[in-house]
Amino acid sequence: HEYADTLWIPSATDVFGADDWWNEEPDSVQLEIFKRERDRVKEVAGETWTWWLRSPLASNSDYFVCVIAGGTVSYGSAIYSLGFAPGFDL
């Protein structure tokens, strides 16, 4: 899948596909690299981390969708400081 930007923050649709938790973005499809839970896990120094996606929760815009440490979907308040994993096109 090609994006207009060479650097972006993945949407919930990019990572998990379409769902009722978030509004699907018109330029997003589930990317092949995120099809398996284990491919969504982000690890630093042997620890897995929860990371933000750019998609707000459909029912509450001060909450955003995130990928929890095990690679599944969740959401959290924007007051929390979490990492993010940018996508980029080489």
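The values are calculated or read from the model by the stated rules, or taken from the named source; none is laboratory data. Everything numeric in this text was worked out from a predicted model, so none of it was measured. FYI the Cβ positions are ideal-geometry reconstructions off the backbone, even for glycines, and counts take in every protein chain you see. Calculation scope for accessible area: heavy atoms of the full protein, side chains included, ligands and nucleic acids excluded. Shrake-Rupley method; radii C 1.70, N 1.55, O 1.52, S 1.80 Å.
Listed values, structure above:
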item: Low-density loop cleavage sites - GluC sites (Glu not before Pro) in segment 1-84, where at most 13 other Cβ are within 10 Å (DSSP); result: GLU2
item: Backbone HN-Hα couplings from phi across segment 10-22 [Karplus 6.51/-1.76/1.60, Hz, Gly and Pro as x]; result: x, 8, 4, 5, 4, 8, 10, x, 5, 7, 7, 5, 9
item: Length released on extending from ILE9 to SER81, taking residue separation times 0.36 nm less the Cα-Cα span; result: 24.4 nm
item: Surface share of carbon and sulfur [accessible, 1.4 angstrom probe, percent] for segment 1-54; result: 48
item: Amide hydrogen neighbours beyond the local backbone of LYS42, cut-off 5 Å, H modeled; result: TRP49
item: Phi-based couplings in Hz for segment 61-76 (Karplus 6.51, -1.76, 1.60; Gly and Pro marked x); result: 6, 9, 10, 10, 6, 9, 9, 7, 3, x, x, 9, 7, 7, 8, x
item: ³J(HN,Hα) computed for each position of segment 28-40 - Karplus, 6.51 cos²θ - 1.76 cosθ + 1.60, integer Hz, glycine/proline x; result: 10, 9, 5, 6, 3, 5, 9, 5, 9, 3, 5, 7, 9
item: Of all DSSP beta bridges in the chain, antiparallel share, percent nearest 5; result: 90
item: Three-way shape label, segment 38-86, alpha-carbon gyration tensor, a/c 1.5; result: prolate
item: The chain: radius of gyration over Cα atoms, expressed as a fraction of 2.2 N^0.38 Å; result: 1.03
item: Mean accessible surface per residue for the chain, computed with a 1.4 Å probe while every protein chain stays in place, in Å²; result: 65
